[in-house]
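Read-outs throughout are calculated quantities, based only on the coordinates presented, and are distinct from any laboratory measurement. Here the structure is a predicted model, which means the values were calculated and not measured. No Cβ is skipped: glycine too gets one built from the backbone with ideal geometry, and neighbour counts run over all protein chains shown.
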Amino acid sequence: MILLILALFAATIITRILPAFFVGGLNFPHWLVTLLNYIPYAALGVLIFPGLLTAVETPLQGILGGLFAMVLAILRVPLFFVVFGAIIFVYFLI
């Protein structure tokens, strides 16, 4: 068991921590940095979208709730109110 833990520790160190030391000294083109800045948003969208389709009775209600939350976010409403507003919006759709 300890050998397995040490092997997994080594795999984590090699794949996650060591590249940070090598990438830190590189200068990337501006377009690549801009592209990489959008990855967290794309990953968040991939994680949220299936929940929109399955969390409520019909997928249409989830999509409408997601669009309502998107409008609130574009209007720069604080996050708590975006989530709460989308919940209330979907509640009244049911």
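Okay, here's what the table says:
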{"read-out": "Mean separation of Cα contacts under 8 Å, 6 or more apart, over the residue count of the chain: relative contact order %", "value": "17 percent"}
{"read-out": "Within segment 16-94, chymotrypsin sites (Phe, Trp or Tyr not before Pro) in DSSP loop having at most 12 other beta-carbon neighbours inside 10 Å", "value": "38"}
{"read-out": "For the chain, calculated [θ]222 nm from helices alone, where every DSSP H run of n ≥ 4 adds -39500 (n - 2.57)", "value": "-24000 deg cm²/dmol"}
{"read-out": "Rounded to 10°, Cα long-axis angle of helix 59-74 versus longest principal axis of the chain", "value": "70 degrees"}
{"read-out": "Choice from 72, 64, 26 with maximal GNM fluctuation in the chain (Cα, 10 Å cutoff)", "value": "26"}
{"read-out": "Cα gyration tensor, segment 38-94 - rounded (a/c under 1.5), prolate or oblate", "value": "oblate"}
{"read-out": "Spacing of the two label points (7 Å from each Cα toward its C-beta) at residue 54 and residue 8, in nm", "value": "2.4 nm"}
{"read-out": "Spin-label model distance (nm) - residue 43 vs residue 80, 7 Å beyond Cα toward Cβ", "value": "2.7 nm"}
{"read-out": "Phi-based couplings in Hz for segment 86-94 (Karplus 6.51, -1.76, 1.60; Gly and Pro marked x)", "value": "5, 4, 5, 4, 5, 4, 6, 6, 6"}
{"read-out": "Most mobile of 14, 63, 39 in a GNM of the chain (Cα contacts under 10 Å)", "value": "14"}
